[in-house]
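Accompanying notes for the structure given below.
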Amino acid sequence: FFFCGGFLMQIFQKQIDKKISNLKKKKHDESYCEIIDNDIIFPSGYYFNHGYLKNKNKLNYSKIDEIRTNTFPTTALINGNEIIFLISKDKGELISFAKKNNIRINEPTDNWSLICEKFLDTEFDKEW
């Protein structure tokens with residue numbers, strides 16, 4: 001039984017890998033946002049089902065407090081406390097959108113990198 005299953009997997013492995021790759025690409029493409037006029041559109045809806053964008057696919061510029069460019073992916077702060085992930089094919093387009101609509105562009109300090117830098121990335125010699 002196991003031999004047959006393994007044999008079939010080997011025969012169809014390329015087709016299985018191709019299907020999995022296509023599904024991953026489709027899911028990744030669905031998560032992209034687009035800029036249309038004064039809105040950021042999520043064509044397949046926003047991928048987190050909680051918060052302001054629940055059951056919405058459009059974020060108007062007037063709701064955005066700031067765009068954070070040093071995060072991955074680029075993020076938008078809305079309602080003073082909610083982070084929206086802006087997966088875009090062109091980060092420059094998001095920056096242009098922010099400038100056009102007078103949205104503050106921010107690069108806040110990454111507290112986790114400050115905490116971890118001294119402990120994870122530092123080696124001390126025996127004298128120290």
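What the table below lists for this structure:
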| quantity | calculated |
| --- | --- |
| Per residue, in Å², the accessible surface of segment 52-128 once ligands and nucleic acids are set aside, probe 1.4 Å | 75 |
| Which listed pairs, of LYS58/LYS89; LYS63/LYS89; LYS14/LYS91; LYS19/LYS58, have C-alpha distances above 25 Å, in listed order | LYS14/LYS91; LYS19/LYS58 |
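The values are calculated or read from the model by the stated rules, or taken from the named source; none is laboratory data. Keep in mind the model is a prediction, meaning the values are calculated, not measured. Quick note on the areas: whole protein, heavy atoms, side chains included, nothing else; ligands and nucleic acids left out. Shrake-Rupley method; radii C 1.70, N 1.55, O 1.52, S 1.80 Å.
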